[in-house]
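**Student:** Take a look at the following structure, please.
The values are calculated or read from the model by the stated rules, or taken from the named source; none is laboratory data. The model shown is predicted, which means the values in this text are computed figures rather than measured ones. Glycine also receives a Cβ, built like all others from the backbone with ideal geometry; neighbour counts cover every protein chain displayed. Surface accessibility is based on the protein's heavy atoms, side chains included, excluding ligands, DNA and RNA. Shrake-Rupley method; radii C 1.70, N 1.55, O 1.52, S 1.80 Å.
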Amino acid sequence: MKQAILYVLVFVGIQFLAGGIVQGGYIFFKGAGTPVDTMGLIITTALADVVTLLVFLLLHWAEVSRHWVRTRPWMVLFWCCLAAFGAIIPSSFFQELLPELPNKADVEFDMLMSSRLGYFVIALGAPLVEELVFRGAILRALLRWKSNPWVGIVISAVLFAGSHMNPAQMPHALLIGVLLGWMYYRTDSIVPGVVYHWVNNTIAYVLYQFYPSQDIELIDLFKGSQSSVLMAVAFSLCIFIPAVLQLNLRMKK
């Protein structure tokens, strides 16, 4: 458990360190009081990703192996993609049922989503780094700590949600974190989680290009028709549930 907490603290610390370095550069070159713009935020995120990868790999806190990929689990990855696609609307529907949570990262979110370069840190960098840290290092340590795998899976999901430091993102991150943790436990590989995470973030990025307002809800997308919303949720579950069942059959521990 101590290892898992250490990994979280290091992960969060690197984020703040990268932000401080870039902010310091802006102050040095552009003067005090200069806010970090979109490019600065992208550089901050990319710097944090690179440093995190180096630290966790060089210190062997997370291990990367091609063993699982060598089994050619292409159908598992296919069902990971479908599961990610099918989870978007039900997860949004569930979150809309909850009391409105404060969105403390709305400005940064808009900055990254509105940039083409932002896609690389949101949909490519974040899935790789977060899966390496929260599944490849934190969950790996927790699975050694407790014999019951679900204890580690749930704790890692809670830590994953909390690491976003944004209440508005936490419910979705918590639910997805449980699913990603289960995938890692069943395969001993971060690859299924990276693929799922990539599809999830890519869909969010694409949807933002069409509907940039963060206040938009499912009822708005379906032009005020609650029955259409419920049908969309049901249709998505008809994709998500069979995909998870297929993953359960195909992912062998």
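**Student:** Is it the case that the stretch 118-136 has a residue that's among the charged types (D, E, K, R), touching a residue at least 24 places away in the same chain (Cβ under 8 Å), open to solvent by less than 80 Å² (accessible area, probe 1.4 Å) and within 18 Å of residue 208 (Cα to Cα)? Walk me through how you get there before you give the answer.
**Tutor:** Here is the first cut: in the stretch 118-136, the residues among the charged types (D, E, K, R) are 130-131, 135.
Now drop any that are not touching a residue at least 24 places away in the same chain (Cβ under 8 Å), which leaves 130-131, 135.
Okay, now just the ones that are also open to solvent by less than 80 Å² (accessible area, probe 1.4 Å), so 130-131, 135.
Still in the running and within 18 Å of residue 208 (Cα to Cα): none.
No - not one qualifying residue is present in the stretch 118-136.
**Student:** I've got another one for you. Can residue 189 be described as open to solvent by less than 40 Å² (accessible area, probe 1.4 Å), assigned to a helix (DSSP H, G or I) and touching a residue at least 12 places away in the same chain (Cβ under 8 Å)?
**Tutor:** Numbers: open to solvent by less than 40 Å² (accessible area, probe 1.4 Å): yes; assigned to a helix (DSSP H, G or I): no; touching a residue at least 12 places away in the same chain (Cβ under 8 Å): yes.
Considered against the rule, which asks whether it is open to solvent by less than 40 Å² (accessible area, probe 1.4 Å), assigned to a helix (DSSP H, G or I) and touching a residue at least 12 places away in the same chain (Cβ under 8 Å), residue 189 comes out as no.
**Student:** In the stretch 225-253, which residues are surrounded by 12 or more Cβ atoms within 10 Å (Cβ to Cβ), of a type outside the set (A, V, I, L, M) and outside any helix (DSSP H, G or I)?
**Tutor:** 225
**Student:** Taking the stretch 21-38 as the region of interest, how many residues are touching a helix residue (DSSP H, G or I) at 6+ places or on another chain (Cβ under 9 Å), in a helix (DSSP H, G or I) and open to solvent by less than 90 Å² (accessible area, probe 1.4 Å)?
**Tutor:** Residues meeting the conditions: 5.
**Student:** A follow-up question, please. Tell me yes or no: at least one residue of the stretch 205-218 is more than 21 Å from residue 126 (Cβ to Cβ) and aliphatic (A, V, I, L, M).
**Tutor:** The answer is yes, given that some residue of the stretch 205-218 is more than 21 Å from residue 126 (Cβ to Cβ) and aliphatic (A, V, I, L, M).
**Student:** Tell me whether the stretch 218-237 contains one or more residues that are polar (S, T, N, Q) and in contact (Cβ under 8 Å) with a residue 12 or more places away in the chain.
**Tutor:** Yes.
**Student:** Taking helices (runs of 4 or more DSSP H) that fall entirely within the stretch 93-165, which contain at least 1 residues that are acidic (Asp, Glu)?
**Tutor:** Details: elements: 106-113, 126-133, 140-145, 149-163.
Counting at least 1 such residues, we get 106-113, 126-133.
**Student:** Now a separate question. Please specify each residue of the stretch 39-69 satisfying the condition of being of a type outside the set (Phe, Trp, Tyr) and not in a helix (DSSP H, G or I).
**Tutor:** So in the stretch 39-69, the residues of a type outside the set (Phe, Trp, Tyr) come out as 39-55, 57-60, 62-67, 69.
Passing the criteria: 59, 60, 62, 63, 64, 65, 66, 67.
**Student:** Here is a further query. What are the residue pairs meeting all of these: first residue in the stretch 155-178, first residue closer than 15 Å to residue 138 by Cβ and open to solvent by 40 Å² or more (accessible area, probe 1.4 Å), second residue among the aromatic types (Phe, Trp, Tyr) and assigned to a helix (DSSP H, G or I), Cβ atoms under 7 Å, and 6 or more apart or on different chains?
**Tutor:** Partner pairs satisfying both residue conditions: 159/134.
Rundown of residues vs (1) among the small types (Gly, Ala, Ser); (2) within 20 Å of the chain's Cα centre (by Cα); (3) modelled with pLDDT of 90 or more, yes/no style:
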residue	(1), (2), (3)
24	yes, no, no
28	no, no, no
32	yes, no, no
38	no, no, no
42	no, yes, yes
49	no, yes, yes
54	no, yes, yes
58	no, no, yes
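**Student:** If you don't mind, there's one more thing I want to ask. Please verify whether the stretch 210-221 includes one or more residues that are under 21 Å from the mean Cα position of the chain (by Cα), open to solvent by less than 70 Å² (accessible area, probe 1.4 Å) and modelled with pLDDT of 90 or more.
**Tutor:** no
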